[in-house]
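Student: Below are the structure tokens for one structure; questions will follow.
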Amino acid sequence: MRRVGFLLVVVVSMQLAAQIGSTPASPNPKVRAITGFVRLDASAYQKQIADALVVLRKVKAEFESSGYEVETVRLTTQPLAELVAGMSEDQASTFLRQLDELSVKENFLPNVGPAMLHDSDNPATMHLLERALSTLSSIEGSAIIADEDGIHWKTIRRTAELVKYVSEHSPHSRGTFNFTATAMLRPFSPFFPGSYHTGAGRQFAIGFEGANVVRDVFAKDKGNAEAAIADLTAALTKHALLADAIGKKVAKETGWVYMGVDPTPAPLGDVSIAAAIEAFTGAKFGSSGTLTAARIITTAVKEVPVKQVGYSGLMVPVMEDRLLAQRWAESTYNIDSLLAYSAVCGTGLDTIPLPGDISPEQMERLFGDVASLATKWNKPLSARLQPVPGKKAGDQTDFQDPFLFNTTVHALP
């Protein structure tokens, strides 16, 4: 553990007991995700899910009693091919529809993991996933395009075809937001759609929506990188240590395994990572200094002295952050900018609006760039691409979703 991490443990741990069970004086970040990992049996999945939700709702109740708002409870199953093993395509489709309906009824988000985990996997599972994403409202999934064995070029090709199909067959192209391609992402990420696991289940992890924490620190430490790293590490650590304490408490009570926290300060809507970075640089997101701010955030995240899972870096979801969407429309940054920022943080290409006539071959190149960068630096990245049928460069997207912010479609670089 680095020296700054050790000092923070000493300081923050002295305050931790007082934090649990009481509302802190300053506003807290929301808890974006309490994610459970399960291995479902199709003959008993309803009871398995009910049992899992008891555990996850215990975690939720602990956070709420400590003054934190919890946005979502989530469940990630074993990889899709394993989930539907032995079923015909019709049976698998029916099962996924029932799982989707149950998730709406019980108010949790469902993720069926990667349709292709290895490059040698049968691509038929991608066929099943693309149809589920096109017709079901809640099911999320992914494909792994790079891991320790290298880049998965066959998976990249099939992933581009899936995204193209879902953009053309889901209502308002909305299904593409429930799918991502991940590279070098390890299991047990609490954040969707890239979350997955390959084990026995009965585990859980936690992720925050903490862009407001970054904004407060950056507004105070504007332009001072060293102060910003130290102060942001301390601020993120305060919340991560409380999550760690809650996770361990619930694990002891339930027998489930607490896997850790993803301290990535995720944005959403007006809880904006773009606004946070602009508070530090004094200029629009994408201007000189943006890359430095991205490095500061990731450096601070990595210093947080808890067991970390998932991306543990920085997220820049273009259409899920109101100000990011505005700056995209203003062309202050682009795909090449995001790839450059990815060299110093966990960004990738997230919720990128694309012309409707983009070809699978063009998307393959984008996925390939993300996979190449991730493998070069051995870091988790993702690519969530949104082609919009009927839209061309200069047009405005028109997604009908309260969590998406419409912006301008640009030509590919």
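Bear in mind these aren't lab numbers, they're just calculated from the coordinates by the rules spelled out. Predicted model only: the values in this text are computed from it and were never measured. Because the Cβ atoms are built from the backbone with ideal geometry, glycine has one as well, and the counts that use them run over all protein chains shown.
Student: Using θ = phi - 60° and the Karplus curve 6.51 cos²θ - 1.76 cosθ + 1.60, what whole-Hz ³J(HN,Hα) does each residue of the range 128-133 get, with Gly and Pro shown as x?
Tutor: 5, 5, 5, 6, 5, 5
Student: Please list, or write none, the lysines whose alpha carbon is within less than 16 Å of the alpha carbon of Lys60, excluding same-chain residues fewer than 8 places away.
Tutor: Answer for Lys60, where 16 Å is the Cα cut-off: Lys30, Lys248, Lys249, Lys252, listed by chain and number.
Student: Fewest to most neighbouring Cβ within 10 Å: what's the order for Arg74, Arg327?
Tutor: Arranged by neighbour count, lowest to highest, Arg74, Arg327 become Arg327, Arg74.
Student: Which semi-axis lengths, in whole Å and largest first, follow from the square roots of five times the eigenvalues of the Cα gyration tensor of the chain? Walk me through the intermediate numbers first.
Tutor: Working: eigenvalues 193, 155, 65 Å².
So the equivalent ellipsoid measures 31, 28, 18 Å along its semi-axes.
Student: Beyond 22 Å, how much of the Cα-Cα pair distribution for the range 162-285 remains, as a whole percent? Let's see the in-between values first.
Tutor: Details: 4073 of 7626 pairs.
More than 22 Å apart: 53 percent of the Cα pairs in the range 162-285.
Student: In whole Hz and in residue order, list the ³J(HN,Hα) couplings for the range 286-299 that follow from phi through the Karplus curve 6.51 cos²θ - 1.76 cosθ + 1.60, θ = phi - 60°; x for Gly and Pro.
Tutor: My calculation for the range 286-299 gives x, 6, 4, x, 5, 5, 4, 4, 4, 5, 4, 4, 5, 4 Hz in order.
Student: What percent of all Cα-Cα pairs in the range 128-180 falls in each 10 Å bin, counting up from 0?
Tutor: 28, 50, 20, 3
Student: Rounded to whole Å and sorted largest first, list the principal axis extents of the Cα atoms in the range 111-199.
Tutor: That gives 36, 27, 16 Å along the principal axes, largest extent first.
Student: If you don't mind, another one. Pull up the cross-link candidates among the lysines for Lys284, meaning alpha carbon to alpha carbon under 21 Å and not fewer than 8 places away within one chain.
Tutor: By straight Cα distance, Lys284 reaches Lys220, Lys222.
Student: Which value in Å is the Kirkwood Rh of the range 257-301 over different Cα pairs?
Tutor: 11.6
Student: Binning every alpha carbon pair distance of the range 23-160 at 10 Å from zero, what are the percents per bin?
Tutor: Going out from 0 Å in 10 Å bins, the range 23-160 shows 11, 37, 29, 17, 5, 0 percent.
Student: Each residue of the range 335-345 in order: what ³J(HN,Hα) in whole Hz does its phi give by Karplus 6.51 cos²θ - 1.76 cosθ + 1.60, θ = phi - 60°, with x for Gly and Pro?
Tutor: Taking θ as phi minus 60°, the curve returns 4, 5, 4, 5, 5, 5, 5, 5, 5, 10, 7 Hz for the range 335-345.
Student: Moving on to the next point. What residues have an amide H closer than 5 Å to that of Ser189, excluding those fewer than 5 places away on the same chain, when H is modeled at 1.01 Å from N in the peptide plane?
Tutor: Correct list: Tyr196, Gly310.
Student: Hey, could you pull the Cα Rg and Dmax for the range 287-368, both in Å?
Tutor: 14.2, 46
Student: Can you list the chymotrypsin sites (Phe, Trp or Tyr not before Pro) in the range 304-413 that are in a DSSP coil and have 13 or fewer other beta carbons within 10 angstrom?
Tutor: Phe403
Student: Check cross-link reach from Lys392 to the aspartates and glutamates: straight Cα distance under 14 Å, and skip same-chain residues fewer than eight apart.
Tutor: Asp357
Student: Would you compute, for the Cα atoms of the range 227-327, the largest minus smallest coordinate along each principal axis and list the three values in descending order, in whole Å?
Tutor: So the extents along the principal axes, rounded to whole Å, are 48, 29, 17.
Student: Stokes-Einstein diffusion coefficient for the range 190-256 at 20 °C in a medium of 1.002 mPa s, Rh from the Kirkwood formula over Cα pairs: what value in µm²/s?
Tutor: The diffusion coefficient I find is 150 µm²/s.
Student: Okay, helix-only estimate at 222 nm for the chain: each DSSP H run of n ≥ 4 adds -39500 (n - 2.57), divide by all residues, round to 500 deg cm²/dmol; what do you get?
Tutor: So the calculated ellipticity at 222 nm is -14500 deg cm²/dmol.
Student: Give me Rg over Rh for the range 58-122, both radii from the alpha carbons and Rh done the Kirkwood way, two decimal places.
Tutor: My calculation puts Rg/Rh at 1.12.
Student: Name the most mobile residue of Leu102, Leu80, Leu129, meaning the one with the largest mean-square fluctuation, in a Gaussian network model of the chain with Cα contacts below 10 Å.
Tutor: Residue with maximal mean-square fluctuation among Leu102, Leu80, Leu129: Leu102.
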